[in-house]
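Encoded as structure tokens, the structure appears first; notes follow it.
Just so it is clear, none of the values below were taken in a lab; they were calculated from the coordinates. Since this is a predicted model, take the numbers as computed values, not measurements. For neighbour counting, all protein chains shown are included, and Cβ atoms are generated from backbone atoms with ideal geometry for every residue, glycine included.
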């Protein structure tokens, strides 16, 4: 609490003088993310690529190297193993087998026979076909695009078209760089991590709307002020609130990352990255973009005149 009291209520940092550097950095980040996606791709989970997913409990801490050696020569294609929460919980991903469901069932039996007594319990066995995986991909892309469209329309009606365009550019920046983050780390990209991407979009637009609201208020009060000084004023008046909100959110996410287990680790990793990049884009990308869009002074409302 003592540390929070030392935060300045309204700092006087000059963000707009660095707007060129911010735009270059953001462009490089987006280009690098697209490049990573094209070169490395995403480590798609069973939800999207189809295949067999098995969750099992071993007799004591799992020795993944031994288990991999048992499964490596089965001729079932790519098989990945990882610990899942506790040391004796493992997650097995098996490449989709050619053929119908009978072939998938036979592959499951083959895996279980190879693991033998090392596994004491199979808690979950799922198979996702290629058609379902393809449908989930399409649904995920559609959900992302519709969310961006809805956010853009909301900002347009609430503010003006310049604000809507700047918000969409910042949101696109956040989503592309988050996908680039998943490509770089090769954390499994599944329905949970897709939910993280959409959550990041919601978090980022919340910060952006708060900033835009202050920009609009400042435009009404200071009609003759230079646009760069005006935007600096708007950013600084919300900076402490933005930083403290992001820091408290990050504290909760770091706790989830450290103690939440393997099940949600990919989800929380994406959110941690998203909170950082979303806060950055709201301050250093969305607002500076407004300076290039010829904002005009806004008429004062009755509430503004009363103040």
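Taking the C-alpha atoms only, the angle from helix 227-259 to the longest principal axis of the chain is near 20 degrees. As a proxy for reagent exposure, 156, 273, 161 were ordered by neighbouring Cβ count within 10 angstrom, fewest first; the result is 161, 156, 273. Here, P(r) means the percent of Cα pairs in each 10 Å bin from 0 to the largest distance; for the range 62-103 it is 26, 47, 24, 3. Dimensions of the chain along the principal axes, based on C-alpha atoms and rounded to the nearest Å, stand at 78, 45, 34, largest first. Mean silhouette area of the range 63-191, derived from the convex hull of its C-alpha atoms and averaged over all directions, reads 10.6 nm².
Mind checking the angle between helix 19-39 and the chain's longest principal axis? C-alpha axes, 0 to 90 degrees, to the nearest 10. Approximately 20 degrees, to the nearest ten.
How far, in nm, would the chain grow between residue 126 and residue 57 when pulled straight, counting 0.36 nm per residue and subtracting the alpha carbon separation? Before the final figure, lay out each step's value.
Numbers: separation 69, 0.36 × 69 = 24.84 nm, distance 1.56 nm.
Length gained between residue 126 and residue 57: 23.3 nm.
Site pair residue 228 and residue 255 shows an inter-label distance of 4.3 nm when each label is modelled 7 Å from Cα along Cα→Cβ. Computed from the C-beta positions of residue 101 and residue 38, the FRET efficiency with R₀ = 45 Å rounds to 0.85. For the Cα atoms of the chain, what angle does the longest principal axis make with the long axis of helix 101-115, in degrees from 0 to 90, nearest 10? Roughly 80 degrees between the two axes.
Can you compute the FRET efficiency between residue 83 and residue 110 using 1/(1 + (r/R0)^6), with r the Cβ-Cβ distance and R0 = 35 Å? Round to the nearest 0.05.
On the way: r = 22 Å, r/R0 = 0.64.
After rounding, the FRET efficiency stands at 0.95.
A Förster distance of 22 Å, applied to the separation of the beta-carbon atoms of residue 118 and residue 191, puts the FRET efficiency at 0.15.
Listing 57, 224 from the residue with the fewest other Cβ atoms within 10 Å to the one with the most, what is the order?
By the 10 Å Cβ count, ascending: 224, 57.
What translational diffusion coefficient, in µm²/s and rounded to a whole number, does the Stokes-Einstein relation yield for the range 51-128 at 37 °C and a viscosity of 0.692 mPa s, taking the hydrodynamic radius as the Kirkwood radius over Cα pairs?
On the way: Rh = 12.4 Å.
For the chosen part, D equals 264 µm²/s.
Which of these, 283, 227, 175, has the largest mean-square fluctuation under a Gaussian network model of the chain (Cα springs below 10 Å)? Checking each option, the largest mean-square fluctuation is seen for 227. Residues considered: 274, 51, 72. Largest GNM mean-square fluctuation over the chain, using C-alpha springs under 10 Å, is found at 72.
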